[in-house]
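Only the coordinates and a few stated rules stand behind these numbers; no lab work does. Predicted model, so just to flag it, every value in this text is computed and none were measured. Note that each Cβ is placed from the backbone with ideal geometry, even for glycine, and that neighbours are counted across all protein chains shown.
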Amino acid sequence: MNQRPADFFPRGSKWLAMLLIATLLNGGCASMPKPPSPETREQLGRIYIMALPSSPRGEFHTFARGWVAGTAKGGTIASLEGLLYGLSEGARSSGGGGPYAAAATAIATLIFTMVGAAVGGVAGAVQAVPSKTAQQIEQQINNVLKEMDLSSGLADAIYAVSMSRPEFRQYGITKGVSGKPAAKESYEALAGRGFDTVAEIRVTEAGFQGGEGKRPYIRFYMNADIQLVDTKTSEKRYGRDFHYVSQELPYDEWFADGSRELARGFGQAQAALAERVIDELFLVTSFPFATGLWAFPGQPEYGACWFYPLYPKQKYTSLWYSIRHNAPGIHLLYTDVDSAQPLLQWEPFPRPRDLTPENESLLRRISDVSYDLKIWEAPRDFPERLVYDRIGITASSHRLEYPLKPHSRYFWTIRARYSISGRPQVTRWAFSLIPGNAEGMPPGGSCDLDEIPATNYFRFQTP
């Protein structure tokens, strides 16, 4: 039987362990970039998209380079994992409290930390990527980057997304040529042509990360900087960075057949970043209700951000699953659905927990509620291909309009569209808060992610 995270600690010690872990890892709630305020959006006016010239760095951020570095890094990571496991085991052995509970926790923590460092050191040395391999990867990345104008490609993708959505016509978005104007007067010239804001697009870095051994499995990543600048004053209205990470592939597959997979990776990165940039700049707003981050075990919304999936429900691995499959932590499982054309269901918006007297005034201003749904094929535990995409679903359930592949795995997510006092808004895409140590997830967790970690998508498998 699968266990929910709440079942991992004995009664009476569960909350002690959770509190200690939270205290050690998170000194407070993590701060994530916020979208532009409604006031800022009202000032944007007509927008001119401009790709800035850039020479992005091509780097390979590996687990560690060389045997010595691998040993050190492996020991550090394992020490932290040992510390967390020690806290849970100490709480378990303390019998749920008593005068010796703190001492038992401290002793168990020390033991498991020492063991974890020793074992982790060996594992780190085994996993370290040889320095020569890392240098080869960096050299090949830089050779490819010399032939590509990533900033212009991203600007083209952002413009294409904006043109495909009628709600953005009010901004009169136009795409310019590459290259930043040399002087302030050039921005003023754009103002004279009726543009109020320049959207500066610049890809700052691209490369690979991860990897173990002599034939490392690595992921492509791309970072971009987006700035909205007032054409009349050249002052920044808004700005932030965006980050994309691909699925894992063996190192040599990225560069086989004329780097075909790498070219595809660039295209996927630009498409994904463009979609998120448009959402963040123009649609996503601060959510008026609780996100679900601070829900506790036993509450209906526990384990999910924004909207909890009603069918299929989330299922998690047990402690024994983690031991048997050498997969530390708690992970999402693929839930079986009853059909290749399932009826997906989720919490309605406003959600039942939002219908409180203190929210009554805000609830009266909400209208035009609908939902967006996306489904991806996930044969390798990554959203590889979008196979279903619907906007404006009027109910909090949806029967797929055509069957999916049988015996296949899928990721899915939903979000709500709505208006507050006539102003269109959307929530972020819903996802699971478990596992909480996913890449891109800040310590303590966060629902304000514009990119869902691959490990945290809702998921199911067809019969």
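Things to note:
- Difference of contour (0.36 nm per residue) and Cα-Cα distance, Q139 to L386: 85.7 nm
- Cα-centre dipole for segment 182-254 with unit charges at Cβ (Lys and Arg positive, Asp and Glu negative), debye to 20: 80
- Net length gained if the chain between D252 and E188 were fully extended (0.36 nm per residue, minus Cα distance): 18.2 nm
- Full-extension gain in nm, M163 to S37, via 0.36 nm per residue minus C-alpha separation: 43.1 nm
- Sites T174 and E439 - FRET efficiency at Förster radius 41 Å, r taken between beta-carbons, to 0.05: 0.70
- Dipole of segment 287-461 computed with +1 at Lys/Arg Cβ and -1 at Asp/Glu Cβ about the Cα centre; of L332, Y302, G440, farthest Cα towards the positive end is L332.
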